[in-house]
């Protein structure tokens, strides 16, 4: 999806919950305290610019080890809970779209560009970004207002830093404009268009066939 010259944005704040800070699934990279601070900056900038803010809360059964409904880990982080929002949804799947009415809400409000912050980069953020793209919505992803955890399983090991970095590179290649919170606030204030890329150009740069700024 190509973003419009004057995007009609919504900021979606995904799963900024205590589970990722003080619970059973602590974000490892980037520093989650800094990421949450950047989420707050983005929410404040959105409010000042008249950009609607959507807050999403992952919810699981009371017996779940993660995001058990009404547990402390399930609660929204105070940085998000204390700020105003325009729309709220609970979800049970990685993407914020299924069974939440999000697509209908975005359509009713004329949103053509979704700015994604929150957790986790490689799971709920990426799932929502892919879903938005396939729905015909342009996407922006704030890489310093998100974060990842490390994994070890039958396929091997990946550090949180590697996961976050690789997913950010892949998202920039096709699925979203990946930028810092500071760059996004500048874009909101000035109308400067975030840099978008393609699989073709990204691959040609990696093969030394195109300059890094090409």
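The values are calculated or read from the model by the stated rules, or taken from the named source; none is laboratory data. Keep in mind it's a predicted model, so treat the numbers as computed, not measured. Don't worry about glycine lacking a Cβ; one is built from the backbone with ideal geometry, like all the others, and counts go over all protein chains shown.
Any chance the range 111-119 includes a residue that's closer than 15 Å to residue 18 by Cβ, in contact (Cβ under 8 Å) with a residue 40 or more places away in the chain and not in a helix (DSSP H, G or I)? Spell out how you get there, then give the answer.
Start the filter on the range 111-119 by keeping residues that are closer than 15 Å to residue 18 by Cβ, which leaves 118-119.
Subset that is in contact (Cβ under 8 Å) with a residue 40 or more places away in the chain: 118-119.
Those left that are additionally not in a helix (DSSP H, G or I): 118-119.
The answer is yes; a qualifying residue exists.
Of the residues 80, 89, 55, which single one is assigned to a strand (DSSP E or B) and under 13 Å from residue 40 (Cα atoms)? Walk me through it before giving the result.
Values: 80 fails: assigned to a strand (DSSP E or B); 89 fails: under 13 Å from residue 40 (Cα atoms).
Of 80, 89, 55, the one residue that is assigned to a strand (DSSP E or B) and under 13 Å from residue 40 (Cα atoms) is 55.
Does residue 165 satisfy being modelled with pLDDT of 95 or more, out of contact with any helix residue (DSSP H, G or I) (no Cβ under 8 Å at 6 or more places or on another chain) and not in a helix (DSSP H, G or I)? Spell out how you get there, then give the answer.
Values: modelled with pLDDT of 95 or more: yes; out of contact with any helix residue (DSSP H, G or I) (no Cβ under 8 Å at 6 or more places or on another chain): yes; not in a helix (DSSP H, G or I): no.
When the stated conditions are applied, residue 165 does not pass them.
List every residue pair whose Cβ atoms lie under 6 Å apart, where the two residues are 6 or more positions apart in sequence or sit on different chains, the first residue falls within the range 141-152 and is at pLDDT 95 or above, and the second residue, located anywhere, is surrounded by fewer than 23 Cβ atoms within 10 Å (Cβ to Cβ) and part of a strand (DSSP E or B).
148/29; 151/158
If you go through the range 43-50 one residue at a time, do you hit one that is modelled with pLDDT of 95 or more, part of a loop (DSSP other than H, G, I, E, B) and within 16 Å of the chain's Cα centre (by Cα)? Give the derivation first.
Of the range 43-50, the ones modelled with pLDDT of 95 or more are 43-50.
In the following step, the residues that additionally are part of a loop (DSSP other than H, G, I, E, B) were identified as 50.
From what's left, within 16 Å of the chain's Cα centre (by Cα): none.
No, the range 43-50 contains no residue that is modelled with pLDDT of 95 or more, part of a loop (DSSP other than H, G, I, E, B) and within 16 Å of the chain's Cα centre (by Cα).
Quick check: is even one residue across the range 15-25 at pLDDT 95 or above, part of a loop (DSSP other than H, G, I, E, B) and farther than 21 Å from residue 96 by Cβ? Before the answer, list the steps.
Of the range 15-25, the ones at pLDDT 95 or above are 15-25.
Remaining after also requiring part of a loop (DSSP other than H, G, I, E, B): 15-16, 21-25.
Imposing the further condition that a residue be farther than 21 Å from residue 96 by Cβ reduces the set to 22, 24.
Scanning the range 15-25 turns up at least one residue that is at pLDDT 95 or above, part of a loop (DSSP other than H, G, I, E, B) and farther than 21 Å from residue 96 by Cβ.
Going through the range 56-70 one residue at a time, which ones are without any contact (Cβ under 8 Å) to a residue 60 or more places away in the chain and crowded, with 18+ Cβ neighbours inside 10 Å?
Step one: filter the range 56-70 for residues without any contact (Cβ under 8 Å) to a residue 60 or more places away in the chain, giving 57, 59-70.
Listed by number, the residues that qualify are 57, 67, 68.
Can you tell me which residue among 64, 71, 127, 95 is under 20 Å from residue 176 (Cβ atoms), assigned to a loop (DSSP other than H, G, I, E, B) and out of contact with any strand residue (DSSP E or B) (no Cβ under 6 Å at 6 or more places or on another chain)? Give the steps one after another, and end with the answer.
Details: 64 fails: under 20 Å from residue 176 (Cβ atoms); 71 fails: under 20 Å from residue 176 (Cβ atoms); 127 fails: assigned to a loop (DSSP other than H, G, I, E, B).
The conditions single out 95.
In the range 90-105, what residues are within 16 Å of the chain's Cα centre (by Cα) and farther than 15 Å from residue 130 by Cα?
90, 91 - these are the residues of the range 90-105 that are within 16 Å of the chain's Cα centre (by Cα) and farther than 15 Å from residue 130 by Cα.
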